[in-house]
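Chemist: Let me give you the structure first, and then I'll get to my questions.
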Amino acid sequence: LAHRPASRDMLHCHLLRDGMMTQDIAEKVRQAGVVGACGAGFPTYVKLKAKVETYIVNAAECEPLLCKDQELMKRHAAEMVRGLELAMQATGAPRGVIAIKEKYVEAIAILRKHIGSNIDFYYYQNFYPAGDEFIIVYDVTGRLIPPGGIPLDVGCAVNNVETLINIARAVDGTP
């Protein structure tokens, strides 16, 4: 079922599988207190209330010794992809992109089993630093975020792997 609002400024009101409306995704994420898991603590629901063209997963892990995102993708691939799909639905993004280092072969193979045709990969070489939000947006879309701006200014939203898992869990009511 779908209801098309009279105004473009209104949220899309698509009915999800469990009877929840699209605008409820951001509210459930807000109520769960989900913030970006990269350290900045940006409230995730703010990104989910925006309208974007591309929703990007920052799966590049900047620091050379970090393996947390790789392990999360291997162990929770379905949840991460579901979180991305929910984020895309909430923001109206027709395109999702997983920006990932090509050396994460096992995680990529597992993720491929869960993604649909509207989600692509963007592959990075193994270099330091990888994963800067401004660079990821430029690499994936060719758009430059203005000085002092954020990805939302150029029609993009970026979250890391753990944040997307937390989106899925918040919507499912899992702490």
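Chemist: Would you rank Arg75, Arg95 by solvent-accessible area, highest first, keeping every protein chain in place and using a 1.4 Å probe? Write down the numbers at each step before the final one.
Modeler: Numbers: Arg75 180, Arg95 80 Å².
From most accessible down to least: Arg75, Arg95.
Chemist: While we're on this one: With a/c under 1.5 counting as rounded, go ahead and sort the range 115-175 into rounded, prolate or oblate using the C-alpha gyration tensor (a ≥ b ≥ c being the square roots of the eigenvalues; past the cut-off, prolate if a/b is larger than b/c, else oblate).
Modeler: Details: a/c = 1.83, a/b = 1.51, b/c = 1.22.
Prolate, because a/c is 1.5 or more and a/b exceeds b/c.
Chemist: Still on this model: Enter the accessible area of Glu162 (Å², nearest 10), with the probe set to 1.4 Å and all protein chains included.
Modeler: Result for Glu162: roughly 60 Å² accessible.
Chemist: Calculate, in nm to one decimal, what Glu71 and Lys51 gain on full extension: separation in residues at 0.36 nm each, minus their alpha carbon distance.
Modeler: Working: separation 20, 0.36 × 20 = 7.20 nm, distance 3.02 nm.
Computed gain between Glu71 and Lys51 is 4.2 nm.
Chemist: Here's another thing I want to ask about it. Express in Å², to the nearest 10, the accessible area of Leu84 obtained by rolling a 1.4 Å probe over the protein heavy atoms while all chains stay in place.
Modeler: 0 Å²
Chemist: Another question about this same structure. Compute, for His114, the solvent-accessible surface of its heavy atoms (probe 1.4 Å) with the complete set of protein chains present, and express it in square angstrom to the nearest 10.
Modeler: Accessible area, nearest 10 Å²: 80 Å².
Chemist: Hey, another quick one. List every residue whose amide H lies under 5 Å from the amide H of Asp120, counting only residues 5 or more places away in sequence or on a different chain, with H placed 1.01 Å from N in the peptide plane.
Modeler: Gly96, Val97, Ile98
Chemist: Here is a follow-up. So, in the range 22-154, how many Lys pairs have Cα atoms under 17 Å apart, if the pair is 8 or more places apart or on different chains? Can you show the working numbers first?
Modeler: Details: Lys28/Lys47; Lys28/Lys49; Lys68/Lys101; Lys68/Lys103; Lys74/Lys101; Lys74/Lys103; Lys74/Lys113.
Final tally of qualifying lysine pairs is 7.
Chemist: So which chymotrypsin sites (Phe, Trp or Tyr not before Pro) in the range 81-175 pass both tests, a DSSP loop state and at most 16 other Cβ atoms within 10 Å of the Cβ? Present the calculation step by step, with values, prior to reporting the outcome.
Modeler: Details: sites: Tyr104, Phe121, Tyr122, Tyr123, Tyr124, Phe127, Phe134, Tyr138; in loops: Tyr104, Phe127.
Those that pass, being in a loop and sparsely packed, are Phe127.
Chemist: Kindly give the semi-axes, whole Å and largest first, of the ellipsoid equivalent to the range 54-174, taking each as the square root of 5 times a Cα gyration tensor eigenvalue. Each step should come with its number before you reach the end.
Modeler: Details: eigenvalues 81, 69, 32 Å².
Working from the Cα gyration tensor, I get semi-axes of 20, 19, 13 Å.
The values are calculated or read from the model by the stated rules, or taken from the named source; none is laboratory data. Nothing here was measured: the structure is a model prediction, and the numbers come from that model. Counting neighbours? That spans all protein chains shown, and the Cβs are built from the backbone with ideal geometry, glycine included. Heavy atoms of the whole protein, side chains included, go into the accessibility calculation; ligands, DNA and RNA do not. Shrake-Rupley method; radii C 1.70, N 1.55, O 1.52, S 1.80 Å.
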